[in-house]
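Working notes for the structure below.
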């Protein structure tokens, strides 16, 4: 019986502490047992800053205190499209109050459309998306987009509501060069997750090859979408190093360069 190859740890890549994890869900119960250790590993792997995404005002109010001792963690807040039916006027007012009170909140997201799960009527999703886009514009904060099986409608709504050349980040990009071109033509940014490391994501990898460095960020979306060589295990921020390594291979640049440049892009985009 062949001996299994030991998977490398992300710390072994010896990256400088300049990387930025642009999208994590560390407030979820998946991290209740080892959240502090996970944050320490992120730092040891070379991540200087993390963006934690709170899925609605309830999640923010419950979880923001988890990061009181971690000034390197900033926040996003938005109602996910799968919960769009929960975005009433009171929830929107609570979100507005939180954004005005907490400078660690750096953007409105993740917001958008999800036609994959079909949990909420499409028109309800669109209404919630538009209201949160209006909130982002009111607060002059970036908008971070979730779009699953809904790219045409998501782009159309953004364009129709005047978000061309507005700071928009397409979270968890997993599509082809055509969508990438549309995103770039609108002046938006793209965040690349772990599936870029998978063998059967040729269209995604071809798109990454064409996306300019100044529009590119990297994320985990942890605990989901774990990159190779840890696919099948829980994702966490340190594993973003392997996503960066694959992006560097695709782009023909050094891992250190990609780590620095994508971190710089995130710092500029979110004004960290």
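With R₀ set to 35 Å, the beta-carbon distance separating residue 231 from residue 164 gives a calculated FRET efficiency near 0.45. Any chance you could give the angle, 0 to 90 degrees and rounded to 10, that helix 89-101 forms with the longest Cα principal axis of the chain? For 89-101 against the chain, the angle is about 60 degrees. Highest GNM mean-square fluctuation among 212, 227, 195, for the chain modelled with Cα contacts below 10 Å: 212.
Grab the DSSP H runs of the chain that are 4 residues or longer, score each as -39,500 (n - 2.57), total them, divide by all residues and round the 222 nm result to the nearest 500 deg cm²/dmol. Taken over the chain, the calculation gives -12000 deg cm²/dmol.
Residues considered: 236, 49, 122. Largest GNM mean-square fluctuation over the chain, using C-alpha springs under 10 Å, is found at 122.
With 0.36 nm allotted per residue and the present C-alpha distance subtracted, the residue 224-residue 176 stretch has 15.2 nm of extension available.
Rounded, prolate or oblate: which fits region 113-203 when a ≥ b ≥ c are the square roots of the eigenvalues of the alpha-carbon gyration tensor, with rounded for a/c under 1.5 and prolate only if a/b beats b/c?
Oblate.
For region 37-173, what relative contact order do you get, as a whole percent, if you take Cα pairs closer than 8 Å and at least 6 residues apart? Relative contact order comes out at 22 percent. Of 204, 217, 50, the sequence from fewest to most neighbouring Cβ atoms within 10 angstrom is 204, 217, 50. Straightening the chain between residue 186 and residue 264 buys 26.0 nm, computed as 0.36 nm per residue apart minus the Cα-Cα spacing. A viscosity of 1.002 mPa s and a temperature of 20 °C, combined with the Kirkwood radius over C-alpha pairs in the Stokes-Einstein formula, give the chain a diffusion coefficient of 115 µm²/s.
Relative contact order, whole percent, for the chain stands at 20, derived from Cα pairs under 8 Å and 6 or more residues apart. Among 106, 200, the ranking by other beta carbons within 10 Å of each residue's beta carbon, starting with the fewest, stands as 200, 106. Take the chain, connect every pair of alpha-carbon atoms lying under 10 Å apart with a spring to form a Gaussian network, then pick out the residue of 109, 187, 56 with the largest mean-square fluctuation. Comparing 109, 187, 56 in a Gaussian network model of the chain, the most mobile one is 187. Relative contact order of region 116-232, taken over Cα pairs closer than 8 Å and 6 or more residues apart, is 20 percent.
Throughout, read-outs are computed from the coordinates displayed, never taken from laboratory work. From a predicted model like this one, the values you see are computed outputs, not experimental measurements. So basically every Cβ, Gly included, is an ideal-geometry build from the backbone, and we count neighbours across all protein chains shown.
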